[in-house]
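The values are calculated or read from the model by the stated rules, or taken from the named source; none is laboratory data. What you see is a predicted model; the values in this text were computed from it and never measured. Cβ atoms come from the backbone with ideal geometry, glycine included; neighbour counts cover every protein chain shown. Areas reflect the complete protein model, heavy atoms only, side chains present, ligands, DNA and RNA absent. Shrake-Rupley method; radii C 1.70, N 1.55, O 1.52, S 1.80 Å.
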Amino acid sequence: KIGLRAGYQNSMFTRDGSQVAGTDPYSSFYVGIFKEKKLIPLLSFGIGLEYMQAGTNYSNTNNKLVINYLDLPLYLKLKLGPVFVLGGAGVNFKVGETQDINGISTKPNPASNGVDVPAFLGAGFKLFFFTIEGRYNWGLIDINDGIHNQYFQIGAAVSF
């Protein structure tokens, strides 16, 4: 089974498990393709290739930092009727990064790490070829001075 997925993403930077002081969540999108293979009747293995943006808004300003990633998620999906839960990990490769300060885009100094490794858990509902799902991702790699990515995704998928 192959498919397309896309949706809304809300990300933030954390340090020691808490949102970095002086920052607000950044809203964006994700889009990608996936392939799943049934291992046993209720359990499937999946892999994907996705584009997404993680970042933060600086509180009380129009300033922001955005990191563009290509993500390779790997996951196991347990399906019980139309409902499923899934969990896995991925590798996010940075393909770009911009910092907007007072309307001017620059490259941040210092730049963020080029790779992140998120672990994620999620749940969803599938009816025929249409799926709605949500996932929460925790970045396991320090991307810059003790900062980690965390983001929530909610979206839809179609499978063929």
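I need the full set of residues from the stretch 113-122 which are in a strand (DSSP E or B) and either within 17 Å of ASN63 (Cβ to Cβ) or open to solvent by 50 Å² or more (accessible area, probe 1.4 Å) (or both), in order please.
VAL115, LEU121
Considering only residues that are touching a residue at least 12 places away in the same chain (Cβ under 8 Å), open to solvent by 60 Å² or more (accessible area, probe 1.4 Å) and in a loop (DSSP other than H, G, I, E, B), which ones fall in the stretch 1-51?
LYS1, ASP16, LEU42
Which one of TYR75, TYR69, TYR136 is in contact with a Phe, Trp or Tyr (Cβ under 8 Å, 6 or more places away or on another chain), open to solvent by 30 Å² or more (accessible area, probe 1.4 Å) and either in a loop (DSSP other than H, G, I, E, B) or hydroxyl-bearing (Ser, Thr, Tyr) (or both)?
Every option except TYR136 fails the conditions.
Could you tell me which numbered condition SER59 fails, if it satisfies all but one of (1) open to solvent by less than 50 Å² (accessible area, probe 1.4 Å); (2) farther than 18 Å from ASP116 by Cα; (3) at pLDDT 95 or above?
Of the numbered conditions (1) open to solvent by less than 50 Å² (accessible area, probe 1.4 Å); (2) farther than 18 Å from ASP116 by Cα; (3) at pLDDT 95 or above, the odd one out for SER59 is (3).
Of everything in the stretch 98-112, what is of a type outside the set (Asp, Glu), surrounded by 14 or more Cβ atoms within 10 Å (Cβ to Cβ) and modelled with pLDDT of 90 or more? Give them in sequence order.
THR98, GLN99, ILE101, SER112
Is it the case that the stretch 27-34 has a residue that's more than 13 Å from the chain's Cα centre (by Cα), under 24 Å from ALA123 (Cα atoms) and at pLDDT 95 or above?
The answer is yes, given that some residue of the stretch 27-34 is more than 13 Å from the chain's Cα centre (by Cα), under 24 Å from ALA123 (Cα atoms) and at pLDDT 95 or above.
Within the stretch 127-160, can you find the residues that are small (Gly, Ala, Ser) and either more than 18 Å from the chain's Cα centre (by Cα) or closer than 13 Å to THR14 by Cβ (or both)?
Across the stretch 127-160, the qualifying residues are GLY139, GLY146, SER159.
Quick check: is even one residue across the stretch 127-136 of a type in the set (Lys, Arg) and more than 14 Å from ALA89 (Cβ to Cβ)?
no
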